[in-house]
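Only one structure is covered here, and it is reproduced in the block below.
What follows is calculated from the coordinates using simple rules that are stated; it is not laboratory data. The structure displayed is predicted, hence computed values, not measured ones. Quick reminder, even Gly has a Cβ in these numbers, built from the backbone with ideal geometry, and neighbours come from all protein chains shown.
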Amino acid sequence: MKISTRTFRRWESGATDRRRGAVHKRRSNALSEEERHEIIEVCTSSKFSSLTPAQIVPKLADQGRYIASERTFYRVLADSNLNKRRSRTKPPKKRARPVHTAVKPGDIWTLDITWLNGPARGIYYYAYVIIDLYSRKIVGWEVYESESSEQLKRVVKRAIARENMVPKVIHSDNGSPMKGWSLVEYLYELDVNISRSRPRVSNDNAHIELSTAIRKCMNMAIRNE
């Protein structure tokens, strides 16, 4: 039989066969087919189809309902090949990293809006900053008490008039002022190429993000003096 004497004696004593592929007895606390079907039915319902088991189990507990543990939910979904996007919403699209090359001043401008601490706790100002990517020159900056696309358009317009040039590309993040129609329409009239960072990827606009971070640190240092 090609087994050792120790293995044979262990089988005689009724010990559990731990080999892979061995047939094991069904556990007394194992889920029944009805319970597994209930888990799948709950996870694929319109109410929970867009949620993960880590979100579903607490919501069921709030309703005073317990079916199985979070880990069991994941295991049942994996066995049914449902441990993935279950709703009808479209999966997120992977956007390519924006790539631009500046060979002279005025080729690419990057802009950003950042918070600045005000004179008291809870009071903030919004600094609108535009930097030329090639020369790292701050071609425009203004401070407002709020952020809007109309104010950003005003900052860009004044920077263009001050520098006496129209940039080929203006790169920014996906903030609502940057995507507002006031700014987009103005840049479209000037035939400026609009470039935006990938969602939640600050490295796509690293130069101005670093500049604003340094500015915030300087502002905090001045306040602490």
Given a 10 angstrom Cα cut-off, can you work out which residue in Ser13, Ser28, Ser50 is the most mobile in a GNM of the chain? Ser13
Note, ³J(HN,Hα) from phi for region 63-70, Karplus 6.51, -1.76, 1.60, rounded to Hz, x at Gly and Pro: 8, x, 10, 10, 10, 6, 6, 4
Sorting Asn117, Val143, Asn203 by the position of each Cα along the dipole of region 108-224 (Lys, Arg +1; Asp, Glu -1; all at Cβ), the one nearest the positive end of that ordering is Asn117
Please give the length that would be gained between Asp191 and Leu82 if that part of the chain were fully extended, namely 0.36 nm times their separation in residues minus their C-alpha to C-alpha distance (nm, one decimal). 34.5 nm
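May I ask you to derive the FRET efficiency for Asn174 and His207 from their Cβ-Cβ distance with R0 = 22 Å, giving the value to the nearest 0.05? Please list the in-between numbers first.
Details: r = 17 Å, r/R0 = 0.77.
The formula returns an efficiency of 0.85 here.
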Let's test the formula: R0 of 41 Å, r as the Cβ-Cβ distance of Glu142 and Arg27. What FRET efficiency results, to the nearest 0.05? 0.05
At a 10 Å Cβ-Cβ cut-off, how would you order Asp62, Asp173, fewest neighbours first? Asp62, Asp173
Say each of Ile123 and Arg162 gets a label point 7 Å from the Cα, pointing the same way as Cα to Cβ; how far apart are those two points in nm? 2.5 nm
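Okay, helix-only estimate at 222 nm for the chain: each DSSP H run of n ≥ 4 adds -39500 (n - 2.57), divide by all residues, round to 500 deg cm²/dmol; what do you get? Each step should come with its number before you reach the end.
Working: 8 runs with 86 residues, N = 225.
One gets -11500 deg cm²/dmol as the mean residue ellipticity at 222 nm.
Would you work out the relative contact order for region 30-89, in percent, from Cα pairs under 8 angstrom that are 6 or more residues apart? Write out the running numbers ahead of the final one.
On the way: 33 pairs, mean separation 23.6, N = 60.
Averaging sequence separation for qualifying contacts and normalising by length gives 39 percent for region 30-89.
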Simple spin-label estimate for Ser46 and Thr5 in nanometres, 7 Å along Cα-Cβ: 7.0 nm
Principal axes first, then extents: for the Cα atoms of region 30-89, list largest minus smallest coordinate on each axis, whole Å, largest first. 32, 26, 17
